[in-house]
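Scroll down for the structure; my scribbles are underneath it.
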């Protein structure tokens, strides 16, 4: 007696591509398949770019936060009847006595002038302008000093002084880092959702074009898992092609951007870009995450296809039972 599987293979050969064809329900190549490869490639590319950019901004913000949290700044404003050098020395001596202060350095006149060069140019006389002078304090991050007490002592003993512990900057950087990461993850979820919907419509379209084949196979005894496996394998190949292409394109974008940043170091454009995004170097962790996104999108496509086919076949069974 002929087995059910042999009947199924015979039906597939005759209905899909003729007696000499293989046993795949779906054609290996079609216009819709090429379009789906392109869509998945674009979605993967955008997902990798979004997550990579969020990682770089978060890492840069963490670097800023670490740098800022290690320092505090004393600012002393000049006046006509005021000995600036003596005030700077007094402020430095006061803060050096506090526990948690590793060092206190006065920013000299030449360094102060260099800080103002981007706005005032070079060659100006610092004494002709009411330029505040700074004392930079390096603090112990594990045991920071009591800034409230330090501010109180400085205010009592030094005129025209203010202490900035950079807490506002740190709070803003933490908020920016969290917001950037949240936005990146939200966009990634939307991309994955759009990919799932695209795969659902593509699967339903493919099943609609082969409806008579699926119905014959199903009603002669082909199990739902067998039919779903054929579709799942077909769409998994498509997803792998698209996801690998999109992931590779994203890697190339980051690699070229990193090369451009390294090649144009010490230029205003590169410096401003590096200040916000770092050096565009994702490192092994970043590239591993891109590979993970490629795998997730491919597996998500296969799972979506499988569930869509199973759901469609269940509807067929309900329709035949009702009839």
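The values are calculated or read from the model by the stated rules, or taken from the named source; none is laboratory data. Because the structure is a prediction, the values reported are computed rather than measured. In this analysis, Cβ positions are derived from the backbone assuming ideal geometry, glycine residues included, and neighbour counts consider all displayed protein chains.
Whenever a residue of the range 195-223 is closer than 17 Å to residue 242 by Cα, its partners that are at pLDDT below 75 and in a helix (DSSP H, G or I), lying with C-beta atoms within less than 9 angstrom and at least six residues away or across chains, give the pairs 202/32. Taken over the range 51-78, the criterion of being more than 24 Å from residue 139 (Cβ to Cβ) and at pLDDT 80 or above is satisfied by 51, 52, 53, 54, 55, 56, 78.
Evaluate the following for residue 82: is it in contact (Cβ under 8 Å) with a residue 60 or more places away in the chain and part of a loop (DSSP other than H, G, I, E, B)?
Yes.
Looking at 192, 236, 185, which one is under 30 Å from residue 55 (Cα atoms), touching a helix residue (DSSP H, G or I) at 6+ places or on another chain (Cβ under 9 Å), loosely packed, with under 14 Cβ neighbours inside 10 Å and in the same structural domain as residue 38 (by TED's automatic domain parsing)?
Numbers: 192 fails: loosely packed, with under 14 Cβ neighbours inside 10 Å; 236 fails: loosely packed, with under 14 Cβ neighbours inside 10 Å.
It is 185.
Got at least one residue in the range 92-113 being surrounded by fewer than 15 Cβ atoms within 10 Å (Cβ to Cβ) and either within 17 Å of residue 167 (Cβ to Cβ) or in contact (Cβ under 8 Å) with a residue 60 or more places away in the chain (or both)? No, there is no match, as no residue in the range 92-113 is surrounded by fewer than 15 Cβ atoms within 10 Å (Cβ to Cβ) and either within 17 Å of residue 167 (Cβ to Cβ) or in contact (Cβ under 8 Å) with a residue 60 or more places away in the chain (or both).
Here residue 255 passes the criteria (1) exposed (fewer than 15 other Cβ atoms within 10 Å of the Cβ); (2) within 29 Å of the chain's Cα centre (by Cα); (3) at pLDDT below 80 except the one numbered (3).
Before we move on, is residue 43 assigned to a helix (DSSP H, G or I), at pLDDT 85 or above, under 30 Å from residue 236 (Cα atoms) and in the same structural domain as residue 234 (by TED's automatic domain parsing)? Steps first, answer last, please.
Details: assigned to a helix (DSSP H, G or I): yes; at pLDDT 85 or above: yes; under 30 Å from residue 236 (Cα atoms): yes; in the same structural domain as residue 234 (by TED's automatic domain parsing): yes.
So residue 43 fits the description; yes.
Those helices (runs of 4 or more DSSP H) of the range 127-224 in which 1 or more residues are in contact with a strand residue (DSSP E or B) (Cβ under 6 Å, 6 or more places away or on another chain) and at pLDDT 80 or above occupy 147-157.
When each of 262, 291 is tested for being part of a helix (DSSP H, G or I), farther than 18 Å from residue 39 by Cβ and modelled with pLDDT under 85, the lone residue that passes is 262.
Could you look through the range 72-91, keep only residues that are surrounded by fewer than 17 Cβ atoms within 10 Å (Cβ to Cβ) and under 41 Å from the mean Cα position of the chain (by Cα), and pick out the one that is nearest to residue 254 (Cα to Cα)? The qualifying residue nearest to residue 254 (Cα to Cα) is 73.
Considering only the range 159-181, I want to know if a residue exists there that is closer than 17 Å to residue 293 by Cα, buried (at least 18 other Cβ atoms within 10 Å of the Cβ), in contact with a helix residue (DSSP H, G or I) (Cβ under 8 Å, 6 or more places away or on another chain) and in the same structural domain as residue 240 (by TED's automatic domain parsing). No, the range 159-181 contains no residue that is closer than 17 Å to residue 293 by Cα, buried (at least 18 other Cβ atoms within 10 Å of the Cβ), in contact with a helix residue (DSSP H, G or I) (Cβ under 8 Å, 6 or more places away or on another chain) and in the same structural domain as residue 240 (by TED's automatic domain parsing).
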